[in-house]
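These notes are about the structure you will find just below.
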Amino acid sequence: MVPVSPEPSLSATVRAALNAARKAQDKERTLVLGTILANLKNREIELRRPATDDEVVDVLRKGIKMRREAIEQYTAAARPELVAQIKVLEEFLPPAVDPEEIRAAVRSAIGGGANDIGKVMAQVLPKYKGRADGKVINQIVREELQAG
């Protein structure tokens, strides 16, 4: 018998939010959550198994990234619905890591002998996978390498 977790999986939480949005007739929220669940289903088909919470976070982050790129392309004023969609998706992400915690990990990696961006990123990125944006980590690494 497989032990059952007391808290629902992230994909179940997103599905429940979609059902609640449908019942509330919130068209924008229904659209964005439905799109993400379709992306998640495609990911599960690729994997040939149900997605883990980390993989669901990856799908959510990719959805956010696509919308941010579209905002950059068109300007936020032209696409306010994308800003709203990003806020909906961010609700399901785990809490972000404090940049100072990342900075401390970067300094530790540099102190351990990593002296270029690739080596530092290879040590730091896995620690914060799914909890911090790679761009933020990369920016901190660049700042610390220039300062050091």
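The values are calculated or read from the model by the stated rules, or taken from the named source; none is laboratory data. Model, not experiment: these values are computed from the prediction. Cβ placement follows ideal geometry from the backbone for every residue including glycine, while neighbour counts extend to all protein chains displayed. We work out accessible area using only protein heavy atoms, side chains counted, and drop any ligands, DNA or RNA first. Shrake-Rupley method; radii C 1.70, N 1.55, O 1.52, S 1.80 Å.
A few points about this structure:
- Of the candidates GLU55, GLU69, the single residue that is touching a Lys or Arg at 6+ places or on another chain (Cβ under 9 Å) and among the charged types (D, E, K, R) is GLU55.
- Total residues in the stretch 29-48, condition farther than 18 Å from THR13 by Cα and open to solvent by 90 Å² or more (accessible area, probe 1.4 Å): 3
- Test for LEU10: is it open to solvent by less than 100 Å² (accessible area, probe 1.4 Å), of a type in the set (A, V, I, L, M, F, W, C) and over 30 Å from ILE140 (Cα atoms): no
- Test: residue in the stretch 53-72 that is open to solvent by 40 Å² or more (accessible area, probe 1.4 Å), touching a Ser or Thr at 6+ places or on another chain (Cβ under 8 Å) and under 29 Å from ARG15 (Cα atoms): yes
- A count restricted to the stretch 95-112 and to residues that are open to solvent by less than 50 Å² (accessible area, probe 1.4 Å) and either part of a loop (DSSP other than H, G, I, E, B) or free of Cβ contacts under 8 Å to residues at least 12 places away in the same chain (or both) stands at 1.
- Filter result (closer than 27 Å to LYS119 by Cα, of a type outside the set (A, V, I, L, M) and out of contact with any helix residue (DSSP H, G or I) (no Cβ under 9 Å at 6 or more places or on another chain)) within the stretch 55-106: LYS65, PRO95, ASP98, GLU100
- Members of the stretch 132-148 that are outside any helix (DSSP H, G or I) and open to solvent by less than 90 Å² (accessible area, probe 1.4 Å): ALA132, ASP133
- A count restricted to the stretch 54-79 and to residues that are in contact (Cβ under 8 Å) with a residue 60 or more places away in the chain and basic (Lys, Arg) stands at 1.
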